[in-house]
Number of protein chains: 2
Amino acid sequence: MEKIKFGPQTLLYPMPAILVGAKVNGKPNFMTAAWCAIAADKPPSISVALREERYTLEGVRENETFSINVPSSDMVKKTDYCGVYSGKKNDKSQIFKTFYGELKTAPLIQECPLNLECKVIHYLDLGSHTLVVGEIIETYISEYCLTDGKADPIKIDPLIYTPGTMKYHRLGEAIGSAFKIGKV
Amino acid sequence: MEKIKFGPQTLLYPMPAILVGAKVNGKPNFMTAAWCAIAADKPPSISVALREERYTLEGVRENETFSINVPSSDMVKKTDYCGVYSGKKNDKSQIFKTFYGELKTAPLIQECPLNLECKVIHYLDLGSHTLVVGEIIETYISEYCLTDGKADPIKIDPLIYTPGTMKYHRLGEAIGSAFKIGKV
């Protein structure tokens, strides 16, 4: 199995395709991001890499709050729209039905099956991007996405982003249980 | 569409199921992680959240290097094994065929279609976890995973982890092109 040296690349599979929400200049704004991951469980926190010039980042800095919204695959067009057009030029406040939670300033997307409401705890300047780390203050899930009281990824039907080909994919079939299939 | 408040939860979809490699006490060691994302593109960097007591973290701190290895779905058992058993008790140095690259101390997994070789640039203490941020020094890709000189996610066939159900999934069908399907 021959290995090719590819130079330093920002490749990872899979990546999520999530919508980062922030209130900017008094209005909800949403941008698409793929560089996002859970960062800790005590306190529950999440990181997202935002380019310094992003309009969304203005709102994050102003309110010190943001949201991470997981769209389902049927939201692919609107999700991509939010990655193509900047809130600097396009008002994105009316694309989704939004609501506010505990923090009052982090707009959440009603249509997204899963929403994390976050309060900034760190900014890490990494050059091209600032890694924003937020404590997850509350989680909202659409009732139809629960099975036996637990989040059900099949019902959530999340969007997946693949770099290289730059495509959106759906989640494929389950092939095993974690912390189980590898036990000997 | 009723929303349920779920309390602060570390839920995000999808998550990768990657193998973090480090040389610990002179031997390659690998642990499974899902809390990993690209963090910046200049310099190309990646973050991974590691619990403080992880054996792998000892090696990361000792050498200031690590690897991120993306397994394909047929590696599900070995990948899960590396998440279930700690290198403190189980020698995981012989599970995979390993190689070293530029940095000399970050073990890379030959069988994994994609490998990122990383040098630590930040440690961010987040409580339960340390967020390790590494600059990507080199990327290795298995030749059979290229299409027209680009990384092909279908050929890579990455493992996907879903919290809640705690399952491994495969990548599903492509449903659109990013930066295109949302253009108006």
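Annotation for segment A:49-87 versus segment B:1-79: alpha-carbon center distance of 24 Å. Taken one residue at a time, the phi angles of segment B:131-136 give Karplus couplings (6.51, -1.76, 1.60, θ = phi - 60°) of 8, 9, 10, x, 7, 7 Hz. Gly and Pro are set to x.
Other protein chain C-beta atoms within 10 Å of residue C-beta, averaged over B:78-88: 3.
The distance between label points at A:Asp91 and B:Asp125 comes to 4.7 nm (points 7 Å beyond Cα on the Cα→Cβ vector).
Beyond 33 Å, the tail of the calculated P(r) for the protein assembly as shown holds 23 percent of the Cα pairs. Put simply, the amide H of A:Gly182, placed in the peptide plane, has neighbours under 5 Å in B:Tyr81, leaving out anything fewer than 5 places away on its chain.
Along the axis of the charge dipole computed for chain A (Cβ charges of +1 for Lys and Arg, -1 for Asp and Glu, origin at the Cα centre), the listed residues A:Ala174, A:Phe6, A:Val70 are led at the positive end by A:Phe6.
If you take all other residues with their beta carbon under 15 Å from the beta carbon of B:Ser93, and give Lys and Arg +1 and Asp and Glu -1, the sum is +4.
For segment A:52-133, what does the convex hull of the Cα positions come to per residue, in cubic angstrom?
103
Counted over chain A with a bin width of 10 Å, the fraction of Cα pairs per bin, in whole percents, is 9, 35, 36, 15, 4, 0. Evaluate the Kirkwood expression for the hydrodynamic radius of segment B:2-70, namely the inverse of the mean inverse distance over all pairs of different C-alpha atoms, and round to one decimal in Å. It works out to 13.7 Å.
For chain A, what is the calculated [θ] at 222 nm in deg cm²/dmol (nearest 500), taking -39500 (n - 2.57) for each run of four or more DSSP H residues and dividing by its residue count?
It comes out at -3000 deg cm²/dmol, rounded to the nearest 500.
Accessible surface of A:Arg61, taken over heavy atoms with a 1.4 Å probe and every protein chain present, rounds to 100 Å².
In this structure B:Ser86 has an accessible area near 50 Å², from a 1.4 Å probe over the protein heavy atoms. The relative contact order of chain A, computed from alpha carbon pairs under 8 Å that lie at least 6 residues apart in sequence, is 24 percent. What you get for chain B, charging only the Cβ of Lys and Arg (+1) and of Asp and Glu (-1), is a dipole of about 380 debye around the Cα centre.
The values are calculated or read from the model by the stated rules, or taken from the named source; none is laboratory data. All values derive from a computational prediction rather than experimental measurement. Cβ sites come from the backbone with ideal geometry, for glycine too, and all protein chains shown count toward neighbours. Note: areas computed on protein heavy atoms with side chains; ligands, DNA, RNA excluded. Shrake-Rupley method; radii C 1.70, N 1.55, O 1.52, S 1.80 Å.
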